[in-house]
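Please read the structure below before turning to the comments.
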Amino acid sequence: MDSINKRKSKIKKRSKSKERLTIMVFKRVGDIRTFKVSSHFAIFASLFLLFYIVGTIFLTNAYFDVNRIHKIQSNKIAELSNELLKKTRSLEKSKQHIALLNDYIKDEKDQSPEVMTSADYTEASLPQIVDIEDLKVKRDSSNISLNFKIVNKLLNEEPIGGYMFIIADIKGMEKSETWSHPSSPLKDGMPTDYRKGQRFFIQRYKFISSTYTLSKSIDKPLILEILIYDRNGKLILKKVVEV
């Protein structure tokens with residue numbers, strides 16, 4: 001019986017020793033360390049490492065995908081913001097043009113064309129934004145009739161709006177009465193408020209035909225000045241006519 005029990009205990013020890021893995025670490029000659037690790041633990045550790053590596057790869061790929069999508073969406077948002085800004089500016093510009101056109105239509109009056117005589121004139125040196133062509137002047141006592149065409153000189157023919165004055169003065173007299181149409185206070189021969197001028201709005205050109213009446217009959221030669229301002233009050237054209 002004792003011999004049988006001894007054999008059983010030896011078999012159990014051998015079976016337990018077979019279930020363990022022996023790890024040997026060599027540090028230097030003659031110095032060896034051994035570790036025994038359970039096979040179940042080794043399998044568990046291997047599976048854990050495998051899942052860890054797979055999970056790390058999956059999460060890394062997912063991070064790069066999300067980052068790429070975020071960059072694409074950020075670029076798209078930036079493009080849409082720039083486009084919205086351009087559209088907003090264009091809309092504001094169109095509103096200004098429409099407002100000026102409405103003001104012009106409101107103040108426009110029916111004017112009958114008249115036969116005019118040609119007149120010589122000189123032009124001041126200003127930026128060529130607009131010009132006056134086919135200018136004709138007819139003077140009859142205190143009445144002065146003007147017929148001309150305001151021409152858009154911009155290459156892209158962008159609509160132009162602004163204000164216009166007709167200033168009349170007696171030639172050769174330093175101190176004389178000065179007439180302005182539309183009526184406006186003058187300082188140094190120039191209107192003090194450009195917004196009181198006659199409004200206009202043109203795409204390519206516009207005909208102007210008007211008759212202006214002086215406060216009294218003048219037999220002496222007159223100097224007429226046609227002043228054109230842009231919407232911001234900048235003088236963009238000055239033409240001088242002797243009649």
For VAL243, state whether it is more than 28 Å from LYS95 (Cα to Cα) and in contact (Cβ under 8 Å) with a residue 60 or more places away in the chain.
-> yes
Does LYS87 satisfy the criteria of being modelled with pLDDT under 60, farther than 30 Å from PHE148 by Cα and in a helix (DSSP H, G or I)?
-> no
Which members of the stretch 168-192 meet the condition of being outside any strand (DSSP E or B), exposed (fewer than 11 other Cβ atoms within 10 Å of the Cβ) and modelled with pLDDT of 80 or more?
-> SER183, PRO185, ASP188, THR192
Counted residues in the stretch 219-233 being surrounded by 16 or more Cβ atoms within 10 Å (Cβ to Cβ) and within 38 Å of the chain's Cα centre (by Cα) come to 7
Of the residues that sit in the stretch 200-218 and are basic (Lys, Arg) and either surrounded by fewer than 16 Cβ atoms within 10 Å (Cβ to Cβ) or touching a helix residue (DSSP H, G or I) at 6+ places or on another chain (Cβ under 8 Å) (or both), which one is nearest to HIS181 (Cα to Cα)?
-> LYS216
Would you say GLY30 is more than 30 Å from PHE201 (Cβ to Cβ), at pLDDT 85 or above and not assigned by TED's automatic domain parsing to the domain that holds GLY162?
-> no
Can ILE129 be described as in the same structural domain as VAL151 (by TED's automatic domain parsing), surrounded by 10 or more Cβ atoms within 10 Å (Cβ to Cβ) and modelled with pLDDT of 85 or more?
-> yes
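The values are calculated or read from the model by the stated rules, or taken from the named source; none is laboratory data. Computed from a prediction, not measured in an experiment: that's the story for all the values here. Cβ coordinates were reconstructed from backbone atoms using ideal geometry, including for glycine residues, and neighbour counts include every protein chain displayed.
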